[in-house]
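Read the structure below first, then the notes.
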Amino acid sequence: MMKTMQTVVLEDASQKAILEDTLSRMSSAQNFVVDVCYESEDTNTFRVHHKTYRKLRQDFGLPSQLAVVANKYACASVKTSIKRKGRKPVFSGKSIHYDARSCTINLEKSVVSLLTIKGRIKVKFEIPKYFKQFVGWKAKESNLVKCRDGKFRLMVSIERTSIKSKKTGRIIAIDRGINNLIATSDGWLYESRHVWEIKQHYVSLRSRLHSKGTRSAKRHLAKMRGRERRFMRDVNHCISRRLIGSAGKDGVIVLEKLNGIRDAKHRHEQNWLFSNWAFYQLEHFLIYKGEETGVAIEFVPAKDTSKTCSACGSLRRGQRQGSAFRCKACGVVLHADLNAAKNILHKYHADGLLSTSLLLPKGLSKPFISMDGS
Ligand SMILES: [Zn+2]
């Protein structure tokens, strides 16, 4: 996944002069390369490089790597322009593209080393609040831009570093539901009552505003939609953070395939209060936070996870009564959602993804998902 992080360069007066000089020198150099392209009717970077390199170094005073960059982007822009039957491109000295060789970015320390006509200079930059969350990502290349307000900005292309889980750590299975947004195989419940109440509040507010129908009511409605979305996103961020933290590096989080929630288990409970997108969003957050921390996200089919006894494997109708699960075979009484989470965990082990003998509950010699013909 790539993103562009916009940062504000905090150059001092002498650095500002160097950057400005470099920008203008680069643009005249690039305009020179453009001329060469048109005169020789050639846009091949490699061939044009041989025609222009010495001049770019000697006459324009560019360091070797900037000469390479100048040539490369001038050729590219001529190529695009010819393709689109456009005019001859003109570089106006407002930006320089830096590749990995001509600039080194340290996001954590907010400092960049930029190649200029006076050699490399180290400049501090400021990361706006929104982009601070991406400081752990890997910086690739960047664009130094002189904006209309006279400030230099460094647009940094960043890539998320992903860590592969060895799947040797903790395994947590998760049941997603209506009464509890989350129930985990190790016993954590995230009750949905609080979420329901807030959602209900929004629903009643919405219907009141709808019936009003005035312009200010419409404005309020739009604002509210945003607030409601942000609220749910915060809940999902909070849950996913906690789950990923609890699984830890090289851990595994097991989920049911989402269509299970839509089709089988909660068909009756499916309503306006809890649409699938919230579940999908949680899944998405888990996947990307998992990649950042080295936690694998695995999926198992949702079939029968809420009807099966996680202690003995019996699958019968009517064992689930509200939030309680009473097994008709072994008599055990369990929390229904935690029971489902345990079944999801058993399914994961039964899939043969891991050697599971040590991880199964005592007294069970084999995964019991296959018992009772299920
Ligand atoms: Zn049982």
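None of the figures in this text is laboratory data; all of them are computed from the coordinates on show. Everything numeric here is computed off the predicted structure, so don't read it as measured data. Every residue, glycine as well, gets a Cβ built from its backbone with ideal geometry; the counts of neighbours run over all protein chains shown.
Would you mind counting up the charge near Ala17? Only other residues with Cβ under 10 Å from its Cβ, with Lys and Arg at +1 and Asp and Glu at -1.
With Lys, Arg at +1 and Asp, Glu at -1, the neighbours total -2.
Would you kindly state how much longer the chain becomes between Asp149 and Lys223 on full extension, computed as 0.36 nm times their sequence separation minus their alpha carbon distance, in nm to one decimal?
On the way: separation 74, 0.36 × 74 = 26.64 nm, distance 3.08 nm.
Net length gain for the segment: 23.6 nm.
May I ask for the Kirkwood hydrodynamic radius of the chain, worked out over all distinct Cα pairs and given in angstroms to one decimal? Write down the numbers at each step before the final one.
On the way: mean 1/r = 0.0392 Å⁻¹.
That comes to 25.5 Å for the chain.
Give the long-range amide H neighbours of Val300: residues separated by 5 or more places, or on another chain, with amide H under 5 Å away, using H modelled in the peptide plane at 1.01 Å from N.
Answer set, sorted by chain and number: Leu255, Glu256, Lys257.
Less than 12 Å Cβ to Cβ from Ser64, Lys/Arg counted +1 and Asp/Glu -1: what total charge do the surrounding residues give? If you can, show how the numbers build up before the last one.
Values: positive: Arg54, Arg57, Arg101; negative: none.
That sum, taken over residues with Cβ under 12 Å, equals +3.
What list do you get for Leu345, Leu10 if you sort them by fewest beta carbons within 10 Å?
Least to most surrounded, the residues fall as Leu10, Leu345.
Work out the charge dipole of the chain with +1 on the Cβ of Lys and Arg and -1 on the Cβ of Asp and Glu about the Cα centre, then indicate which of Gln58, Ser192, Ala100 is farthest towards its positive end.
Projecting each Cα onto the dipole axis, the largest value belongs to Ser192.
Given an 8 Å cut-off on Cα distances and at least 6 residues of separation, report the relative contact order of the chain as a percent.
For the chain, the relative contact order is 15 percent.
At 0.36 nm per residue, minus the direct Cα-Cα distance, what do Lys83 and Arg208 gain on full extension? Give it in nm, one decimal, please.
Value of the extension gain: 39.4 nm.
Which entries of Lys16/Lys118; Lys55/Lys138; Lys167/Lys307; Lys199/Lys223 have Cα-Cα distances beyond 24 Å here?
On the way: Lys16/Lys118 12 Å; Lys55/Lys138 35 Å; Lys167/Lys307 28 Å; Lys199/Lys223 15 Å.
In this structure, Lys55/Lys138; Lys167/Lys307 lie more than 24 Å apart at Cα.
For Arg316 and Arg193, calculate 0.36 nm times their separation in residues minus their Cα-Cα distance, and state this gained length in nm to one decimal. If you can, show how the numbers build up before the last one.
Details: separation 123, 0.36 × 123 = 44.28 nm, distance 2.88 nm.
Length gained between Arg316 and Arg193: 41.4 nm.
Summing Lys, Arg as +1 and Asp, Glu as -1, what charge do residues with Cβ under 12 Å from the Cβ of Thr116 carry, Thr116 excluded?
On the way: positive: Lys16, Arg25, Lys118, Arg120, Lys122; negative: Glu11, Glu20, Asp21.
Every neighbour counted, the sum reads +2.
Mind checking the dipole of the chain: about its Cα centre, +1 per Lys or Arg Cβ, -1 per Asp or Glu Cβ, Debye to the nearest 20?
Values: 69 positive and 33 negative charges, 207 e Å.
Charge dipole, the chain, about its Cα centre: 1000 debye, nearest 20.
Distance in nm between label sites at Ala100 and Glu292, each 7 Å beyond Cα in the beta-carbon direction?
Placing both labels 7 Å along Cα→Cβ, they lie 2.3 nm apart.
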